[in-house]
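Undergrad: Provided herewith is a single structure, encoded as structure tokens, for subsequent inquiry.
The values are calculated or read from the model by the stated rules, or taken from the named source; none is laboratory data. Values in this document were obtained by computation on a predicted structure and should not be read as measured data. Cβ sites come from the backbone with ideal geometry, for glycine too, and all protein chains shown count toward neighbours. Note: areas computed on protein heavy atoms with side chains; ligands, DNA, RNA excluded. Shrake-Rupley method; radii C 1.70, N 1.55, O 1.52, S 1.80 Å.
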Amino acid sequence: MPTQVPVFDGHNDIVLKIAAAGENRAKLWLQGEGAGHLDLPRMLKHAFAGGFFAVYIPSPDEGEPVDHDALMDKPPYDLPLPGLIDHTAAQPVAVEMLGHLLWMERASEGRFRWCRSAADIRAAMAAGAVAGILHFEGAEPIGPNLDALHLFHAMGLRSVGPVWSRPTIFGHGVPFRFPSTGDTGPGLTDLGRALVRECNALRIMIDLSHLNEAGFWDVAKLSDAPLVATHSNAHAVTPSSRNLSDRQLRAIGESGGMAGLNFATCFLRPDGRRSPEMTLDPVKRHIEHMLKHAGEDHVGLGSDYDGATTPKDIGGVEGLPVLIAAMREMGLGEALITRIAHGNWLRLLERTWGG
């Protein structure tokens, strides 16, 4: 049997699940409850070396509930964008999420480390611990004067997506729409351009997943950092608004950036359905296409674990060896597989943050 290849992952949503678990959070994190994609024992068992742990602010209920799962399994679909969330409402939620993330580190007794530098990540991996990066999936907790950006950076924030799939004071997210391009609205606001400049100054990574195409190109013009989409796939394979055009993939590669393969079925399947009943052939097609257009040094994994429906053959973190085996079936070779699994991400973070 080939040895396990450590995986560094571009995106997961386990912090939100832990926050929702209440008094059961210790059981979920330290023992696992079987239904989720991630928990600490399975991460350690299946070579999950670390990744970006998202702080996400849920949208408040607006009107009649919508069955997103049912709609997204019967394309075409076009889900309405949730409304903007003010920073005064978002900041307390973000602080609560940060508390959970710090608790995850304490409760792990050294098996999970909250990392603030590429050197921290490499040290955690060398020690056999899971390395966590604090990421904001949507910049709602950051107010218009950007003071909170500096505050959260001091607390360990190292990656920011200006938007989730809804508007912020900084820009415009893409809707969950299929079929669709990412050309769904205007670009960055003036505050969004200020956010990009401030992130560059602080060396905070800017995540372009969920940002619409006009916003993507605004960041490309403004930013002096590599372009990164932590969990987005190839639009040429699956024409979802969330996926990247060939031109975007080339720009990411040319900037020295990264695109992370999203495991969500609706962004993998050519028909855009959410159903997990699928083979891994579309996964291979996305990887092949992303490698071709972004380049072998600029593709990684961005699972969206605990935030998406994944193919039945992958499931949760226990499916990572299955994905590695699929890349071997593609004939990619061990050196390239290792770069996709973790090496490309680590080099990207060294380029973005410094050594």
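Undergrad: Restricting to segment 275-300, name every residue that is part of a helix (DSSP H, G or I) and closer than 24 Å to Leu227 by Cβ.
TA: Val283, Arg285, His286, Ile287, Glu288, His289, Met290, Leu291, Lys292, His293, Ala294
Undergrad: Name the residues in segment 321-338 that are farther than 25 Å from Ala118 by Cα and open to solvent by 30 Å² or more (accessible area, probe 1.4 Å), would you?
TA: Val322, Ala325, Arg328, Glu329, Met330, Gly331, Leu332, Gly333
Undergrad: For the structure I just gave you, tell me whether Val174 is in contact with a Lys or Arg (Cβ under 7 Å, 6 or more places away or on another chain) and over 24 Å from Ile18 (Cα atoms).
TA: The answer is yes for Val174.
Undergrad: If you don't mind, there's one more thing I want to ask. For Pro82, indicate whether it is modelled with pLDDT under 95, open to solvent by 50 Å² or more (accessible area, probe 1.4 Å) and farther than 26 Å from Leu346 by Cα.
TA: Considered against the rule, which asks whether it is modelled with pLDDT under 95, open to solvent by 50 Å² or more (accessible area, probe 1.4 Å) and farther than 26 Å from Leu346 by Cα, Pro82 comes out as no.
Undergrad: Given the criterion outside any loop (DSSP other than H, G, I, E, B), open to solvent by less than 20 Å² (accessible area, probe 1.4 Å) and closer than 18 Å to His37 by Cβ, identify the matching residue among Ala341, Ala251.
TA: The match here is Ala341.
Undergrad: Do any residues in segment 8-19 that are in contact (Cβ under 8 Å) with a residue 40 or more places away in the chain and within 9 Å of Asp304 (Cα to Cα) have Cβ atoms under 8 Å from those of residues that are open to solvent by 10 Å² or more (accessible area, probe 1.4 Å) and of a type in the set (Ser, Thr, Tyr), where the two are at least six apart or on different chains, and which pairs are they?
TA: Asp13/Tyr56
Undergrad: Tally up the residues in segment 212-241 that are assigned to a loop (DSSP other than H, G, I, E, B), within 22 Å of Asp297 (Cα to Cα) and either touching a residue at least 40 places away in the same chain (Cβ under 8 Å) or under 13 Å from the mean Cα position of the chain (by Cα) (or both), please.
TA: 9
Condition check ((1) over 22 Å from Ala70 (Cα atoms); (2) of a type in the set (Phe, Trp, Tyr); (3) open to solvent by 10 Å² or more (accessible area, probe 1.4 Å); (4) in contact with a strand residue (DSSP E or B) (Cβ under 8 Å, 6 or more places away or on another chain)) across all residues:
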{"position": "Val237", "(1), (2), (3), (4)": "yes, no, yes, no"}
{"position": "Gly260", "(1), (2), (3), (4)": "yes, no, no, yes"}
{"position": "Ala264", "(1), (2), (3), (4)": "no, no, no, no"}
{"position": "Leu268", "(1), (2), (3), (4)": "no, no, no, no"}
{"position": "Lys284", "(1), (2), (3), (4)": "yes, no, yes, no"}
{"position": "Lys292", "(1), (2), (3), (4)": "yes, no, yes, no"}
{"position": "Leu301", "(1), (2), (3), (4)": "yes, no, no, yes"}
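Undergrad: Any idea which residue in segment 134-162 is least open to solvent (accessible area, probe 1.4 Å), counting only those that are over 22 Å from His210 (Cα atoms) and in a loop (DSSP other than H, G, I, E, B)?
TA: Per the stated criteria, the residue is Gly156.
Undergrad: Restricting to segment 85-102, give me the number of residues that are open to solvent by 30 Å² or more (accessible area, probe 1.4 Å) and either among the β-branched types (Val, Ile, Thr) or over 29 Å from Gly185 (Cβ atoms) (or both).
TA: Of the residues in that region, 6 qualify.
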